[in-house]
Ligand SMILES: NC(=O)c1ccc[n+]([C@@H]2O[C@H](COP(=O)([O-])OP(=O)(O)OC[C@H]3O[C@@H](n4cnc5c(N)ncnc54)[C@H](O)[C@@H]3O)[C@@H](O)[C@H]2O)c1
Ligand SMILES: [Fe+2]
């Protein structure tokens, strides 16, 4: 029996090399553009900047984008954005810039404070048009109803989830990812893989979403190492952008699970980049979950190409999927243990207590995770796989 599902996506998704040139047509009827663009990206997007500026009568740039935007910074930028009064907000960058653009677009629409929109379905409305152009492959934020902020006081990441956050137009141009350094390509690529894996093994997994998840796993597994080693390879960059887009399309209807929940304290407390935290934890959570969802992990092994399509040994295939994810992270030069990220045994209790608060995501995990389970997953990740 196929369960009912809601797929909420941007009205238009432009995909492919050179597609950023369509931005002018998507700005038709707009006069005042607020552009949130990552400072490291800005020097690489002169052509896009000229097109935007030629298409509207006034443009305001926000380039001081912090990773995982801290709430006090969002408040400050909201004042700047509010006095500009945009009728379109454009996010250009990785997930941090796009999430900031999404949040500012809803905050300038009315009188809500940022604290009031945190959580699920708390956004009242969005007035400006919202256009997203990702420069990483990546979060898939250009198509998701999610934005992630940092609560500086609680030292935790906080999610905002609302249909109003889904951009009207997503322009996924893989040429925009060429300037991303190898380390960013690696961590963001493993993040995209994690989105697909967590959607595919999710308690809410659905055939309408599995098609994206399985294809994304195939694309990313086959291309992430080459994209990291040879960032100019357009075939790999394009495959990664598509895999990332597919990962993003999984996040609205099904979303992520324990890897992302356990990564929250690493981002909030240790300032570990989102993708790096996920890539570190992914194989350990896969090991933990395999006991419950081996058949799904076996299909992941097939999508990753490490097990033949005819193979029937489900447990062995699930183990092969975990081993392949470890290999991909290693080949991409990502750290292999939490201790390399500055975490010590003394931190694990606090991290486990914080992670189990992220019930929004943990409830999606195929195997229930309590505090002692979370601590044990962290403990295994502390020293890395033998
Ligand atoms: N909204 C969602 O659905 C969603 C999903 C997953 C993650 N996230 C959030 O997204 C954020 C992470 O996004 P990210 O992984 O894309 O990283 P990011 O946006 O923080 O960017 C990482 C680094 O790469 C640089 N960079 C990005 N693109 C570049 C390019 N083309 N050239 C040169 N430098 C470039 C940035 O300057 C930054 O230093 C986190 O806050 C995470 O929580 C959001
Ligand atoms: Fe993610």
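The values are calculated or read from the model by the stated rules, or taken from the named source; none is laboratory data. Quick caveat, the model's predicted, so the values are computed rather than measured. Ideal geometry is used to build each Cβ from the backbone, glycine not excepted, and the neighbour counts take in all protein chains shown.
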TODO: Mind telling me which of the residues 239, 227, 199 ends up being more than 14 Å from ligand 1 (Cβ to nearest atom) and either surrounded by fewer than 24 Cβ atoms within 10 Å (Cβ to Cβ) or not in a loop (DSSP other than H, G, I, E, B) (or both)?
DONE: 239
- [ ] Mind telling me which of the residues 171, 166, 146 ends up being more than 11 Å from ligand 1 (Cβ to nearest atom), crowded, with 21+ Cβ neighbours inside 10 Å, closer than 16 Å to residue 101 by Cα and in contact (Cβ under 8 Å) with a residue 12 or more places away in the chain?
- [x] 171
Open item on the list: Looking at (1) touching a strand residue (DSSP E or B) at 6+ places or on another chain (Cβ under 7 Å); (2) surrounded by fewer than 24 Cβ atoms within 10 Å (Cβ to Cβ), which one does residue 131 not meet, given that it meets all the others?
Closed with: (2)
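Let's see how each residue does on (1) touching a helix residue (DSSP H, G or I) at 6+ places or on another chain (Cβ under 6 Å); (2) modelled with pLDDT of 95 or more:
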position	(1), (2)
247	yes, yes
250	yes, yes
273	yes, no
288	yes, yes
291	no, no
300	yes, yes
307	yes, yes
310	no, no
- [ ] With respect to residue 353, determine if the residue is surrounded by fewer than 20 Cβ atoms within 10 Å (Cβ to Cβ) and farther than 25 Å from residue 119 by Cα.
- [x] no
Task: Positions within segment 146-176 being more than 14 Å from ligand 2 (Cβ to nearest atom) and closer than 29 Å to residue 18 by Cβ, in sequence order - done: 165, 166, 167, 168, 169, 170, 171, 172, 173, 174, 175, 176
Task: One residue from 28, 73, 53, 68 being out of contact with any helix residue (DSSP H, G or I) (no Cβ under 7 Å at 6 or more places or on another chain), buried (at least 16 other Cβ atoms within 10 Å of the Cβ) and either free of Cβ contacts under 8 Å to residues at least 40 places away in the same chain or on the phi > 0 side of the Ramachandran plot (or both) - done: 73
TODO: Within segment 1-24, work out how many residues are under 26 Å from residue 240 (Cβ atoms), exposed (fewer than 13 other Cβ atoms within 10 Å of the Cβ) and out of contact with any helix residue (DSSP H, G or I) (no Cβ under 8 Å at 6 or more places or on another chain).
DONE: 1
TODO: Could you tell me which residue of segment 84-98 is nearest to the chain's Cα centre (by Cα), considering only residues that are farther than 9 Å from residue 36 by Cβ and assigned to a helix (DSSP H, G or I)?
DONE: 95
- [ ] For segment 42-60, state whether one or more residues are within 21 Å of residue 154 (Cα to Cα) and under 23 Å from the mean Cα position of the chain (by Cα).
- [x] no
Open item on the list: Can you find, within segment 255-290, the residue that is nearest to residue 370 (Cα to Cα) among those that are within 13 Å of ligand 2 (Cβ to nearest atom) and not in a helix (DSSP H, G or I)?
Closed with: 257
Open item on the list: Please go through segment 245-254 and give me each residue that is more than 10 Å from ligand 2 (Cβ to nearest atom) and in a helix (DSSP H, G or I), ordered by number.
Closed with: 245, 246, 249, 250
Open item on the list: Testing residue 179 on (1) without any contact (Cβ under 8 Å) to a residue 40 or more places away in the chain; (2) away from ligand 2 (no atom under 15 Å from the Cβ), one condition comes back false. Which one is that?
Closed with: (1)
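Condition check ((1) surrounded by 22 or more Cβ atoms within 10 Å (Cβ to Cβ); (2) within 16 Å of residue 196 (Cα to Cα)) across all residues:
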position	(1), (2)
289	yes, yes
292	no, no
301	yes, yes
305	no, yes
310	no, no
318	yes, yes
328	yes, yes
